Structure formats: structure tokens, C-alpha cells
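A.B. asks: Here it is: the structure, laid out below.
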Amino acid sequence: MAAVSAEADVREDDAREDDAREDDARAFTHDGAGTPEEAWRRWPGLGDLPVLELRGLTHLVVVAAHPDDETLGAGGLLARAADAGARIDVVVATDGEASHPGSPTTTPEQLARVRAVELERAVAALAPGARVHRLQLGDGRLAEPERAGALREAVAALVRPASWLACPWRGDGHPDHEAAALAAAAAARAVGARVLQFPVWAWHWAHPGDARVPWARAVRLPLEEEVLRRKRSALAEHVSQTAPLSPRPGDEALLAPGVLRHFTRAAEVFLTDGSQGGPERGDGAGGGAAASLPASFFEEFYAEHGEDPWGFEDRWYERRKRALTLASLPRERFRSALEVGCSGGVFTAELAPRCGQLLALDAAASAVQRARGRVRAAGFAERVDTRVGTVPRDWPGGVFDLVVLSEVAYYCGPRDLAELVARAAGSLAHDGVLVACHWRHLVRGYPLTGDEVHRVLRAEPGLQVLAAHEEEDFLLDVLVPAPAVSVARAGGLTP
């Protein structure tokens, strides 16, 4: 591991150099307060990730920017590949000699020699027989054109069409990690090989459901206890990073115990290139290239699974969630409401009695027809207008004092979501309410997760969270134009 600067440039993942990218500056330090591992382990999104299948893995090339990257992010993969009899090459671009730039006791040259020994021992603990290639290209300098070119050439010389490559995630927040990812992507693209990118520093600076991480392309590799034992043994070999070089200032451990805990969980996480273990999409969450699901998706889904595929009418989970959503509304009555994604109109019919006028939209014409019939049967046809519409493209004109986004926004790609949230906020009356409720578990094929959606909603300028309800299964947020006024204060019960 190399020391991370106070201002690291975090870029969204992109396996293809000619795709559009969005840069996201993220300030963090390796010894600063980060997201605790307990938060990640509580997040249901990790356990919901698809399992990475290793069938067909005969040659693994791990591209590490620094000694210990291979163990932190892919130690379990190395062990599993070795157990499966795969041929393994570990390419380490630098000696990590700049990890302690202020050390009063150890020169970069001395540290390079120490870390080379640690690397050999760690790899041997994980995958005996693996070939280690030390390139010594200069810690912190891999982005320089000449060094980046040398790294690409070295990786390309090892890769074949059947190879699998593992490398740090391009958006991890360290320029050397990005350079390693670019080299791996270029080598893989030239021959059609597969790429798996592993987060390292992202576990420190990101948070569960963070929209800057492309969870839609993530997979997990479960690690048996024996594999975990070998990974812990390999981590213990990197003493220069996990323990102080000396008691003197400047020689502190780079990988604090809290950081190390991210790498001793019973699964490793990889971000795929779309060819293995996950749906083929663009950059996934936050990258701006993942497409929203089209109306045809929903029509085909209804045709295959029936008129109520989610069990809105019969499941207690759904009935309870609707009751909580209705109970969260801060006012008894609303003048003009908009429900986006009304489906068959189950919630529409329950919301209508509290609205003077209600506009219900859905992308699927068949769903709108069922919603219209349900509303008519409930006696609210005069106050409810049901229409076919795809948001944000068909966002209606007018001002609403209630906008409902229930189990709909994760069907949007990141760009469409940003526009959807902006339109929703811009359509609110001065006393308007935006209520959003979304499933938190990962659904393969959806561009975003519920956590990512609510992250964007909460960050929308001009909106404040009035009420929030969080469970393992769903998030419910009530947002209003700033400044938020509590229900009691609005009713004159408090000053």
C-alpha cells in the first residue's frame, strides 16, 4: 500500500477508455476517520451481490500497483485460483517505497527491499507456485506516460484470451490504482480477456450504497475459513504496512486495524466488466452510462409474471409498507399530488382520499389501464387522472404539493435519476412534500439500488429530510423545501 494524499482524485469506473467519464474529487487520508467495517457488514447490499463463479478460470493475472494490493483486494481469489490449479501471474508495478515519505529511520531504498520480501512471502502463503513480476516503476508515478506505457506492455505480454485479470478499481482514489486498472483494461481489451477490479481505499471513504461505486456491476467471492486463514497469514507478512516501522513520528502503520478489518470479511468484492458474473451495462451507479429500463421491460415483466408480480395486494410486507408511507405524510390533505410509477393502482386508490387531485403515471400502458379500472371501482375516477408516461422524459407540467416516488427511481440510470430528482424538486409547491420509498436489496438488472437513489434525493439542493424510516429491507424518506418545519410546529403545538 502506498500513502494516500489528502486530496485524492476518485473517478467512476470505466473499463473502456473511450466511454465518457465523470471525475469526482474526494478528500480523504489513510489515517483519517473512515467508514467502519461494521457498517459494511450490516448493509444488506453486500450479501445480495451475485456470486462470482470461477468456472473456466485457468490463468489469473493479478495486477497490483503496490505490494499488498494483491493480498488486500484479491488474496482470496488468488487462493481459490491456486486451489483450482490455475496458472497465476502477479504483476506488482512498484515496490511501494513511498508508503512512509516522512520516515526518520528507513529510506525508500530500504523500504523497497523490505516490501519485496514481504510480497514474496505473502504470495507464497496464498498461491504457492505463482510467478511474481516486480516492475519497480516508481511508487506514486505510474500515471507518468512512460511508466504507464511500460506497465501496459508488461501486463499485455502475459495476457491471453482465456486469462482473467484482477486489478485495483479505477475509481479507488489513488492515481497508481487507476494506472494499474487502465493497464489491465487495455491488455484485456486487446485479446478479449476478462477483468475484475477490486476496491481497496473505497471501503474507507465510501459508504454503503454510495452512488459513486458501481454496485450494479459488483459480484462477491465467498471465502471459506481455510482460504480466510491463508489470507490473514498473507496480510500478516506485510509487516511494514500493518505495524509501525519504529515508535518515532513518520513511522506509523499505514494500515490501521480498522482498515484491515475491511479485508478479513468472508467475501471479496469485485467490479466486473460486464462479461462475467453481472449484467452488461455501462459504468453502473454513479458513472452516468447505465441506461434506464425501457417501458418494454415492464410490459414484458407483466406478461411473464402476471398483473401483480410484486404481490402488492396480498403480501403483508407490501400492505405494511404502504401504511407506513401514508402515515409518514405530514399533512392530512393535499391539493394536487403526483404519483410516479403507479403500477396497477393499489397505492393510488389508497392515496386518492387524501388528495384533491391526483395524477398517476406509469411507463406500462397495461398497468395504467388496470390502475384506471381500480380507481374507478373505488369511486375516485373524478379526482384521479391516470396516464402513460416515462420519467423524466414525460414529466408533467404544473405544481404539486405532493410527489410520490415509491419503488420506481432505481429503474433510472444515474443521469435520468439526477434529472428526475431535479424535476420533482422543481415541481414542488412552497409547502410541498416529496415522499420516496425504495427496496434496499440488490436486484440484478436494475441500474441503481434503493440506497443510491436515496443518497441522491438527500443531496438535492433546497430539500431537507423531514422524516426518515430505515429498515433492512427498505428506506422511506419524507423531504420538503428548506427550512423543514415539524408536524407539531406546523400545527401550532410547539413554538
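The values are calculated or read from the model by the stated rules, or taken from the named source; none is laboratory data. This is a predicted model, so every value here is computed, not measured. For neighbour counting, all protein chains shown are included, and Cβ atoms are generated from backbone atoms with ideal geometry for every residue, glycine included.
A.B. asks: Might you check whether a residue that is farther than 30 Å from Arg55 by Cα, of a type in the set (Val, Ile, Thr) and at pLDDT 95 or above occurs anywhere in region 305-327?
C.D. replies: yes
A.B. asks: Further question: Does Asp69 qualify as being crowded, with 24+ Cβ neighbours inside 10 Å and not hydrophobic (A, V, I, L, M, F, W, C)?
C.D. replies: Judged against the criteria, Asp69 is a match.
A.B. asks: Let me ask something else. Being assigned by TED's automatic domain parsing to the domain that holds Asp362, at pLDDT 90 or above and more than 17 Å from the chain's Cα centre (by Cα) is the requirement here; does Gly462 meet it?
C.D. replies: yes
A.B. asks: Here is a further query. Looking only at region 194-213, which residues are more than 13 Å from Glu178 (Cα to Cα), of a type in the set (A, V, I, L, M, F, W, C) and touching a helix residue (DSSP H, G or I) at 6+ places or on another chain (Cβ under 7 Å)?
C.D. replies: Within region 194-213, Val195, Trp203, Ala211, Val213 qualify.
A.B. asks: Continuing with the same structure: Residues in region 218-249 that are part of a loop (DSSP other than H, G, I, E, B) and in contact (Cβ under 8 Å) with a residue 40 or more places away in the chain: how many?
C.D. replies: Selection size over region 218-249: 6.
A.B. asks: Would you mind finding the one in Asp385, Asp401, Asp314 that is of a type in the set (Asp, Glu), at negative phi and in contact (Cβ under 8 Å) with a residue 60 or more places away in the chain?
C.D. replies: Being of a type in the set (Asp, Glu), at negative phi and in contact (Cβ under 8 Å) with a residue 60 or more places away in the chain holds for just one of Asp385, Asp401, Asp314, which is Asp401.
A.B. asks: Return only the number of the condition from (1) closer than 22 Å to Ala303 by Cα; (2) buried (at least 17 other Cβ atoms within 10 Å of the Cβ) that Val388 does not satisfy.
C.D. replies: The one condition Val388 does not meet is (2).
A.B. asks: Kindly establish whether Glu146 is out of contact with any helix residue (DSSP H, G or I) (no Cβ under 9 Å at 6 or more places or on another chain), of a type in the set (D, E, K, R) and under 22 Å from Thr94 (Cα atoms).
C.D. replies: yes
A.B. asks: On to the next question. Could you check Tyr410 against (1) in contact (Cβ under 8 Å) with a residue 24 or more places away in the chain; (2) more than 17 Å from Asp477 (Cα to Cα) and say which number it fails?
C.D. replies: Here Tyr410 meets the rest and fails (2).
A.B. asks: State which residue is farthest from Trp201 (Cα to Cα) when the search covers only region 252-273 and only residues that are in contact (Cβ under 8 Å) with a residue 40 or more places away in the chain and in a loop (DSSP other than H, G, I, E, B).
C.D. replies: So the residue we want is Asp273.
A.B. asks: Sticking with this structure for a sec: For region 437-455, give me each residue that is within 18 Å of Phe347 (Cβ to Cβ) and surrounded by 22 or more Cβ atoms within 10 Å (Cβ to Cβ).
C.D. replies: Hits for region 437-455 are Cys437, His438, Gly450, Val453.
A.B. asks: Only one of (1) surrounded by 15 or more Cβ atoms within 10 Å (Cβ to Cβ); (2) within 30 Å of Glu472 (Cβ to Cβ); (3) of a type outside the set (Gly, Ala, Ser) fails for Leu359. Which number is that?
C.D. replies: Leu359 satisfies all of (1) surrounded by 15 or more Cβ atoms within 10 Å (Cβ to Cβ); (2) within 30 Å of Glu472 (Cβ to Cβ); (3) of a type outside the set (Gly, Ala, Ser) except (2).
A.B. asks: Does Val399 meet the test of being exposed (fewer than 15 other Cβ atoms within 10 Å of the Cβ) and aliphatic (A, V, I, L, M)?
C.D. replies: Judged against the criteria, Val399 is a match.
A.B. asks: Looking at His177 and the list (1) modelled with pLDDT of 95 or more; (2) out of contact with any strand residue (DSSP E or B) (no Cβ under 8 Å at 6 or more places or on another chain); (3) assigned to a helix (DSSP H, G or I), which single condition is not satisfied?
C.D. replies: (2)
A.B. asks: Shifting gears a bit: For residues that are in contact (Cβ under 8 Å) with a residue 60 or more places away in the chain, surrounded by 24 or more Cβ atoms within 10 Å (Cβ to Cβ) and among the β-branched types (Val, Ile, Thr), tally how many sit in region 92-107.
C.D. replies: Qualifying residue count for the region: 1.
A.B. asks: Output the number of residues of region 465-495 satisfying the condition of being in contact with a His (Cβ under 8 Å, 6 or more places away or on another chain) and either not in a strand (DSSP E or B) or not assigned by TED's automatic domain parsing to the domain that holds Tyr411 (or both).
C.D. replies: Of the residues in that region, 1 qualify.
A.B. asks: Residue under question is Val421, and the condition is that it be crowded, with 20+ Cβ neighbours inside 10 Å, in contact with a helix residue (DSSP H, G or I) (Cβ under 6 Å, 6 or more places away or on another chain), within 29 Å of Ala218 (Cα to Cα) and not hydroxyl-bearing (Ser, Thr, Tyr); does it hold?
C.D. replies: In short, yes.
A.B. asks: For Ala188, are the conditions met, namely being part of a helix (DSSP H, G or I) and closer than 28 Å to Glu38 by Cβ?
C.D. replies: For Ala188, the condition - part of a helix (DSSP H, G or I) and closer than 28 Å to Glu38 by Cβ - is not met.
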